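The values are calculated or read from the model by the stated rules, or taken from the named source; none is laboratory data. Just so we're clear, the structure is a prediction, and the values are computed from it rather than from any experiment. Virtual Cβ from ideal backbone geometry, glycine too; neighbours counted across all protein chains shown. The accessibility values were calculated without ligands, DNA or RNA, using every heavy atom of the protein model including side chains. Shrake-Rupley method; radii C 1.70, N 1.55, O 1.52, S 1.80 Å.
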Amino acid sequence: MDRTSARPPDNHVHTRYSWDTPGTSTMRRACERAVAEGLPAIAFTEHLDFTVWLDEDRATAEGLVDRHPAQQTPIDVEAYAAELEECRDRFPELRIWSGVETGEPHLFAASIAEHLRRAPVDRVLGSLHSLADEGRLVGVTRLLWSDPAGTMRRYLAEVVDMIESSDVFQVLAHCDFPRRYWPGGAHTYVEKDFEEEYRAVFRALASSGRALEINTSSPLASADQIRWFHEEGGEAVSFGSDAHQPERVGDRFDLAVDVVEAAGFRPGRDRFDFWRR
Ligand SMILES: [Zn+2]
Ligand SMILES: [Zn+2]
């Protein structure tokens, strides 16, 4: 079978509406790339990170006072919606979803709910990028250097907490995000050393019926890792390039499809669905 006809949707793409993405990363260019790659659909999941939060947020209850670093800025929801509509008109052959990538959603439930009331979206991803450290939320890569294995275990335990205490997200994004920045190089990271911690994450995710993302910006998950999710009862897998530049949309999807297939998942109900067991 022609590979392009089997390619899944890219459920994790950033454009210039994300605070860490260049102004040249337009939705139009991302859509052009998605069409060229033969993808059936694309989701624009911009970063939703808070540097100021509400009294009702758990971050407040936990005594967190700020974020470090704190260069995160809000999404311009009006401009975002206008450009998305324009792309839907321009690319009728492509299904285009709105979305957000929520950072630490378990700590910001009230702030996220308020945002989504104003600007509802089709896809919500859940991500952990930061951990609490002496009253601040600190980017996890900053904590990794002093104690890689300890930080990784703490990270994966926090992901379990995030899954169990937040139901706002449909897909768990890059479940082992710190591997990207592993001291000594991402290639020296050994998944197997954290198998029990991964399995705890996957059990929690599976019991809530939500999808695990295979993220192709991160060093690719092994078929073993995705199989642990399958063995723990995982039902659905989502593909995400996590592109911050249009030319990365759908990046390495053929490889990711092979990994997910080897772990026991198959295309879902239609081309737009998650892959399923
Ligand atoms: Zn992320
Ligand atoms: Zn992302």
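A few remarks follow.
- Potential extension, D193-A61 segment - 0.36 nm per residue separation minus Cα distance: 44.2 nm
- Dipole in debye (nearest 20) - the stretch 158-249, about Cα centre, beta carbon charges: Lys, Arg +1; Asp, Glu -1: 280 debye
- Compared with the rule-of-thumb size 2.2 N^0.38 Å for a compact globular protein, the chain has a Cα radius of gyration ratio of 0.96.
- Of every Cα-Cα pair in the stretch 31-130, the percent that sits beyond 17 Å: 56 percent
- Peptides ranked, highest mean first, by Cβ atoms within 10 Å: ranges 156-164, 172-180: 172-180, 156-164
- Surface per residue (accessible, 1.4 Å probe) for the chain, Å²: 42 Å²
- Out of every Cα-Cα pair that the stretch 186-277 contains, those further apart than 23 angstrom amount to 21 percent.
- Alpha carbon Rg of the stretch 154-193, scaled by the compact-globule rule 2.2 N^0.38 Å: 1.37
- One chain, two ends: A132 and R252. Fully extended at 0.36 nm per residue, the span grows by 39.9 nm beyond their Cα-Cα distance.
- Fraction of accessible area attributable to carbon and sulfur, the stretch 153-277 (%, probe 1.4 Å): 47 percent
- Selection from Y189, Y17, V237 lying farthest towards where the dipole of the chain points positive, charges on Cβ: V237
- The largest accessible area among F50, F194 belongs to the first residue in F50, F194, and the rest follow in falling order (1.4 Å probe, all chains).
- Debye intensity ratio I(q)/I(0), log10, the stretch 107-196, q values 0.25 Å⁻¹ (C-alpha model): -1.33
- Note: the stretch 73-119, Cα convex hull, 86 Å³ per residue.
- Highest-first packing order for the peptide set 259-267, 117-125, 234-242, 77-85 is 234-242, 259-267, 117-125, 77-85, based on the mean count of other beta carbon atoms within 10 Å.
- Highest mean packing comes first when the peptides 51-62, 195-206 are listed by Cβ atoms within 10 Å, giving 195-206, 51-62.
- Lys, Arg +1 and Asp, Glu -1 on Cβ, resulting dipole of the stretch 183-226 about Cα centre, debye, nearest 20: 180 debye
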